[in-house]
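Read through the structure below, which is laid out as structure tokens, and then see the notes.
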Amino acid sequence: MKTILILAAAMALSATASAADPAAGREKAKACAVCHGENGVSQVPDFPKLAGQHRDYLARALNDYKSGARKNAIMAGQVANLKRGDIADLAAYYSSLQALTTKY
């Protein structure tokens, strides 16, 4: 029974991720730009760069802030009203952006 529940949860997350809309995420990301930069590239070392991060990592981080599993007072307030689809859209948007590269 436990395996069935885990499989059902994984399928639900996968369906949400595939239905994610990067264009909608771009609109929803306007509030994020204050700290994380216009295109997910923060200019402040204290705020992480989101551009090019893996979609599943971003979704997990936002869900963890929302549930309280990951602690940050600012982020907890930012994600409090996000729905599952909002999180999927934001993760799709930021993961679709070009990450910065470093030249050696």
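Values quoted throughout were computed directly from the atomic coordinates according to the rules given, and no laboratory measurement underlies them. Computed from a predicted structure; not experimentally measured. For neighbour counting, all protein chains shown are included, and Cβ atoms are generated from backbone atoms with ideal geometry for every residue, glycine included.
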Legend entry - the range 43-104: mean projected area of Cα convex hull, nm²: 4.9
Legend entry - Spacing of the two label points (7 Å from each Cα toward its C-beta) at E38 and A24, in nm: 2.6
Legend entry - Listed pairs K49/K83; K28/K66; K28/K49 exceeding 20 Å between Cα atoms: K49/K83
